[in-house]
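Asks: Before anything else, here's the structure in question.
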Amino acid sequence: MTIRIGICTIEQVCELQEISYETFNETFKAQNSPENMKAYLEKAFNREQLESELSMADSQFLFIYVDNQVAGYMKVNINDAQSEKMGEESLEIERVYIKKEFQKHGLGKVLLHKAIEMAAEHHKTNIWLGVWEKNENAIAFYEKMGFVQTGAHAFVMGDEEQIDLIMTKTIL
């Protein structure tokens, strides 16, 4: 199994949209109403929204490939692109999505190590992310990777307000 990470470009917006729909559905469809899923997917992953995010200087999307097939992606934000004001010393991991067929193969760990590397390159000392309070597998994974809960914030899914735990890791 050959794993590599590559920057997602604006020319790959359709592929990004496709994997976003697929992985978000795989992860959250069973716990949310079809109406709320549809509303969120159409808002968060429409082509114009993704093109806008791809063009932001302080955001970056990274595809992770397994044997030259896109297996997932990560979105990171620094400075004013962060979804919460966490300070200039922080890097946000906004999304880590891995296709179901590629989960449990260490790809999430590879992406988190890449985020740590990127944070160091940008002279950041903290990495943080939001994770749905009901996503127990993800919470356990992030705890195993050294993240601790430091807060919470609202996440709107269609017409429902949910809670994301804010988890932070200090890096040196």
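Asks: Just one of 94, 84, 53 is within 26 Å of residue 137 (Cβ to Cβ), free of Cβ contacts under 8 Å to residues at least 24 places away in the same chain and of a type outside the set (S, T, N, Q); which is it? Even if it seems obvious, please write down each step before you answer.
Replies: Working: 94 fails: free of Cβ contacts under 8 Å to residues at least 24 places away in the same chain; 84 fails: free of Cβ contacts under 8 Å to residues at least 24 places away in the same chain.
After ruling out the rest, the residue left standing is 53.
Asks: Still on this structure, please answer the following. Can you spot a residue in the range 48-64 that is of a type in the set (Phe, Trp, Tyr) and closer than 20 Å to residue 114 by Cα? Lay out the reasoning, then the answer.
Replies: Of the range 48-64, the ones of a type in the set (Phe, Trp, Tyr) are 61, 63.
Remaining after also requiring closer than 20 Å to residue 114 by Cα: 61, 63.
The answer is yes; a qualifying residue exists.
Asks: Provide a single number: the residues in the range 97-134 that are open to solvent by less than 30 Å² (accessible area, probe 1.4 Å) and without any contact (Cβ under 8 Å) to a residue 12 or more places away in the chain.
Replies: Of the residues in the range 97-134, 0 are open to solvent by less than 30 Å² (accessible area, probe 1.4 Å) and without any contact (Cβ under 8 Å) to a residue 12 or more places away in the chain.
Asks: Which ones in the range 97-116 are part of a helix (DSSP H, G or I) and touching a Phe, Trp or Tyr at 6+ places or on another chain (Cβ under 7 Å)? Walk me through it before giving the result.
Replies: So the first thing to find is which residues in the range 97-116 are part of a helix (DSSP H, G or I), and the list is 100-102, 107-116.
Listed by number, the list holds a single entry, 108.
Asks: Looking at the range 1-14, I want the residues that are modelled with pLDDT of 95 or more and have a partner that is assigned to a loop (DSSP other than H, G, I, E, B) and surrounded by 12 or more Cβ atoms within 10 Å (Cβ to Cβ) with Cβ atoms under 6 Å, at least 6 apart or on another chain. Which pairs are those?
Replies: none
Asks: Same structure again: Restrict the check to the range 136-144 and report whether at least one residue is open to solvent by 60 Å² or more (accessible area, probe 1.4 Å), of a type in the set (Lys, Arg) and without any contact (Cβ under 8 Å) to a residue 24 or more places away in the chain.
Replies: Within the range 136-144, one or more residues are open to solvent by 60 Å² or more (accessible area, probe 1.4 Å), of a type in the set (Lys, Arg) and without any contact (Cβ under 8 Å) to a residue 24 or more places away in the chain.
Asks: Among the residues of the range 65-75, is there at least one that is farther than 27 Å from residue 35 by Cβ and of a type in the set (Phe, Trp, Tyr)?
Replies: Looking only at the range 65-75, we keep the residues that are farther than 27 Å from residue 35 by Cβ, and these are 65-71, 74.
Narrowing the set further to residues that are of a type in the set (Phe, Trp, Tyr) leaves 65.
Yes, some residue in the range 65-75 is farther than 27 Å from residue 35 by Cβ and of a type in the set (Phe, Trp, Tyr).
The values are calculated or read from the model by the stated rules, or taken from the named source; none is laboratory data. Values in this document were obtained by computation on a predicted structure and should not be read as measured data. Glycine also receives a Cβ, built like all others from the backbone with ideal geometry; neighbour counts cover every protein chain displayed. Calculation scope for accessible area: heavy atoms of the full protein, side chains included, ligands and nucleic acids excluded. Shrake-Rupley method; radii C 1.70, N 1.55, O 1.52, S 1.80 Å.
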